[in-house]
1. Going residue by residue through the range 188-197, is there one that turns out to be among the polar types (S, T, N, Q) and either touching a strand residue (DSSP E or B) at 6+ places or on another chain (Cβ under 7 Å) or surrounded by 15 or more Cβ atoms within 10 Å (Cβ to Cβ) (or both)?
2. Quickly run through the range 11-31 and pick out the residues that are within 21 Å of the chain's Cα centre (by Cα) and either assigned to a helix (DSSP H, G or I) or closer than 24 Å to T116 by Cα (or both).
3. Considering every residue within the range 205-224, establish whether at least one is modelled with pLDDT under 90, open to solvent by less than 70 Å² (accessible area, probe 1.4 Å) and farther than 16 Å from Q163 by Cα.
4. Would you tally the residues in the range 142-152 being without any contact (Cβ under 8 Å) to a residue 40 or more places away in the chain and surrounded by fewer than 19 Cβ atoms within 10 Å (Cβ to Cβ)?
5. For the range 89-132, give me each residue that is part of a loop (DSSP other than H, G, I, E, B), small (G, A, S) and open to solvent by 30 Å² or more (accessible area, probe 1.4 Å).
6. Across the range 155-168, what is the number of residues that are open to solvent by 90 Å² or more (accessible area, probe 1.4 Å), in a helix (DSSP H, G or I) and polar (S, T, N, Q)?
Amino acid sequence: MMYQWIEKDMEKYILNGDETYAILNRLANSGKKLFLITNSPFSFVDKGMKHMVGKHWRELFDAVIVQADKPSFFTDRRKPFRRLDESGSLQWDRITSMEKGKIYRQGNLYDFLQLTGWRGPKVLYFGDHLYSDLADLMLRHGWRTGAIVPELHTEIRIINTEQYMHSLTWLQALTGLLERMQVHHDAESKMVLNEWLKERQELRSVTKNLFNPQFGSIFRSYHNPTYFSRRLCRFSDLY
């Protein structure tokens, strides 16, 4: 149902990017092997890729796998690859090699490695989910990984605004003042300390709301990295 809903308005939900085609074409022309592993059905992938890259998108990829059933694709060896013909019908012949321009369904990573010989740190795999896409590939198979983080564009834009930079600079200055004020215990110093604590809390709320009023930045919680940020650095080589 979701696929049909998106297909009805591709322009709204899927970017038509000349840059995407340019990057893929440059990689293919420089001798890099490109592959696509997705949980989506072929009909949706075909329409989406034609919209984004062009009608000859399959020529760019050395292997295309649809309905892969990730993350079990990376751990379950039981499901074999099956090929789809030009009409999208499932073929039952045994797969002994991956052919460029052909579409394959399901399968598993272990057969994929055997069929392609693509192993270890020479492989760079991009995914948008740290655990479903990237963790097993990095930890078990030594692939290089790249995380797709849509929120990153917004976060970078916000941290480069004058309001955020001013708030962060004063927040750091306040924290330093609070640390130095701890040695003073007279009434006047305590009053100043409480005012600064109140101001710091208000400033923290302001900077948080710049990102998201509910949970703030996905990368930092006040001056500490978030759990997501730490996992991102652990399971991805770039993002």
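1. Within the range 188-197 (the criterion being among the polar types (S, T, N, Q) and either touching a strand residue (DSSP E or B) at 6+ places or on another chain (Cβ under 7 Å) or surrounded by 15 or more Cβ atoms within 10 Å (Cβ to Cβ) (or both)), the answer is no, since none of the residues qualifies.
2. Hits for the range 11-31 are K12, Y13, D18, E19, T20, Y21, A22, I23, L24, L27.
3. Yes, there is a match, as at least one residue in the range 205-224 is modelled with pLDDT under 90, open to solvent by less than 70 Å² (accessible area, probe 1.4 Å) and farther than 16 Å from Q163 by Cα.
4. Taking the range 142-152 first, the residues without any contact (Cβ under 8 Å) to a residue 40 or more places away in the chain are 142-143, 150.
Keeping just the survivors that are surrounded by fewer than 19 Cβ atoms within 10 Å (Cβ to Cβ) gives 142, 150.
Residues flagged as without any contact (Cβ under 8 Å) to a residue 40 or more places away in the chain and surrounded by fewer than 19 Cβ atoms within 10 Å (Cβ to Cβ) within the range 142-152 amount to 2.
5. Matches in the range 89-132: S89, S97, G117.
6. The first filter runs over the range 155-168 and keeps only residues open to solvent by 90 Å² or more (accessible area, probe 1.4 Å), leaving 157, 160, 162-163, 165-166.
If we keep only those that are in a helix (DSSP H, G or I) as well, we get 157, 162-163, 165-166.
Okay, now just the ones that are also polar (S, T, N, Q), so 163.
Within the range 155-168, residues that are open to solvent by 90 Å² or more (accessible area, probe 1.4 Å), in a helix (DSSP H, G or I) and polar (S, T, N, Q) number 1.
The values are calculated or read from the model by the stated rules, or taken from the named source; none is laboratory data. This is a predicted model, so every value here is computed, not measured. Cβ: placed from backbone, ideal geometry, glycine included. Neighbour counts: every protein chain shown. Ligands, DNA and RNA are excluded from the accessible area calculation, which covers all protein heavy atoms including side chains. Shrake-Rupley method; radii C 1.70, N 1.55, O 1.52, S 1.80 Å.
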